[in-house]
Amino acid sequence: MTKVIHKQVLELTTTISVDEESFRPLRVMIQEESVCLWYETVNSPVNPRDCTIFVVGTGNPVPSKATYVDSVIDGPFVWHIYYKF
């Protein structure tokens, strides 16, 4: 199996199908006015599962049992990225 880096443009809630064992979030940045997540996984998922990615504004509740990835500054806003399977 080969590792691959993917880019995902994020909405407030985004669902992707990935292999939970190999999913590794790498970086969150603003690209062309969109919040984007780069993550690594294998190119042939053994056990793909739905992974929900959340974009949470400062002062808002964090989803229960979600794992923190990164934060990004977007003008006057700071977005905090979390995920859970």
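Remarks
- If you go through region 55-85 and keep only what is over 12 Å from residue 25 (Cβ atoms) and of a type in the set (Phe, Trp, Tyr), you end up with 77, 79, 85.
- Test for residue 71: is it among the polar types (S, T, N, Q), surrounded by 11 or more Cβ atoms within 10 Å (Cβ to Cβ) and over 21 Å from residue 17 (Cβ atoms): yes
- When residues of region 34-68 are limited to those that are among the charged types (D, E, K, R), modelled with pLDDT of 95 or more and under 17 Å from residue 13 (Cα atoms), the one surrounded by the fewest Cβ atoms within 10 Å (Cβ to Cβ): 65
The values are calculated or read from the model by the stated rules, or taken from the named source; none is laboratory data. Every value quoted in this text rests on a predicted model; they were computed, and no experiment measured them. Methodologically, a virtual Cβ is constructed for each residue, glycine included, from the backbone with ideal geometry; neighbour enumeration extends over all protein chains shown.
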